[in-house]
Each structure stands twice: as structure tokens, then as C-alpha cells.
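The values are calculated or read from the model by the stated rules, or taken from the named source; none is laboratory data. Here the structure is a predicted model, which means the values were calculated and not measured. Please note: Cβ atoms are built from the backbone with ideal geometry, for glycine as well, and neighbour counts cover all protein chains shown. When the accessible area is computed, the model is the full protein with side chains, heavy atoms only, and any ligands, DNA or RNA have been set aside. Shrake-Rupley method; radii C 1.70, N 1.55, O 1.52, S 1.80 Å.
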Amino acid sequence: MAPKMARHKKEGGGSNVFSMFDQSQIQEFKEAFTIMDQNRDGFIDKADLRDTFAALGRMNVKNEELEAMIKEAPGAINFTVFLTMFGEKLKGTDPEEIILNAFRVFDREGKGYVKADYMKEMLMTQADRFTEEEIKQTFSAFPPDPSGNLDYKNLVYVITHGEEKD
């Protein structure tokens, strides 16, 4: 029997998803895929998604939510399918909205801010880990409020527009 990675059917009309991204972007997607593929079988399934959410501190993800995510794929989610899905999602999207959505993952209550300590922990322990120096630089440019909250909506505005909102 062929290895799992070799068994995949071509989707669509033959356009190469890898041409949609530059090499550094593909490498970043590969790192994200590897982080999410918790059992290292070359595919992302419901258990991998549950484990990924748990690693991000979200423990009680409903089965329906996980199943809806899995159903967005045309079949088993290997790296090529994963990349294709991101390509389709990112096509024509606003960079500000993409970054806001990334922060919203950490803002479970939808308040528009995240605790600086929690953000620091995530930045230093997940994916491309920040150093203590990078954390200091980030927080000096975007300091938390007196309650220790990071206003990520303002941060995203500055990242995408270059100046603070009034």
C-alpha cells in the first residue's frame, strides 16, 4: 500500500497552489501545518484541531465547530489542501481583517483586548517564538493599559495604516 502522503487526488483545473505564495510564505504555512498536525500523520483531522485549540488554551471546543471546520475541505486535509484552503480564504481579503481575526482567537469573550501576560506567554511558547528582547520591543511600541490589557484593534490599525486612531 502506498504511503498516505502519496495518495492524493488532484483538485480543480490544474492551477498550482504553490504559485500563489512565495517560498517564505509557503514555509510559514508548512510550519503552521506541522504545528496543527499534532499526531504527525501528514493530515489535519478533528483530533488535531481539538489538540491545537487546547494548546492555545481553548479546551471545550464543540464537536460541531470542529466538524464544520473539517467540512470546509474537499477531502482529507494534507498540506496541499491546507495551502489551497488558505489561498482561497486569503484571495481578496483585507490584511486588517486577517490580522484582527488572528487576535480574535485569543479574545474568547470578544472584548477587543487580550491580557498582555497571556499574549507574552503565547508569543514566547508557540510557533516562531519571540525572545524576551522582542517582547520588550513589542510592548514598548504597543504598551498594555494600566489593567494589563493590549488593545489589539488599535494595534492592528497601526500595523495596517501606520498611525494610531483618534
Please find, among 119, 124, the residue that is of a type in the set (A, V, I, L, M), in contact with a strand residue (DSSP E or B) (Cβ under 8 Å, 6 or more places away or on another chain) and closer than 23 Å to residue 28 by Cβ.
-> 119
Boolean, residue 60 is within 26 Å of residue 115 (Cα to Cα), out of contact with any Asp or Glu (no Cβ under 6 Å at 6 or more places or on another chain) and polar (S, T, N, Q) = yes
Residue 39 vs (1) in a loop (DSSP other than H, G, I, E, B); (2) at pLDDT below 90; (3) among the polar types (S, T, N, Q): all pass except (2)
Close pairs (6 angstrom Cβ cut-off, 6 or more residues apart or separate chains): closer than 13 Å to residue 117 by Cα in the stretch 136-160, in a helix (DSSP H, G or I) anywhere = 144/116; 148/116; 150/116; 150/119
Which numbered condition residue 7 fails, given (1) surrounded by fewer than 14 Cβ atoms within 10 Å (Cβ to Cβ); (2) modelled with pLDDT of 90 or more; (3) farther than 23 Å from residue 91 by Cα | (2)
Filter the stretch 39-91 down to residues that are open to solvent by 60 Å² or more (accessible area, probe 1.4 Å) and not aliphatic (A, V, I, L, M), then give me how many there are.
-> 19
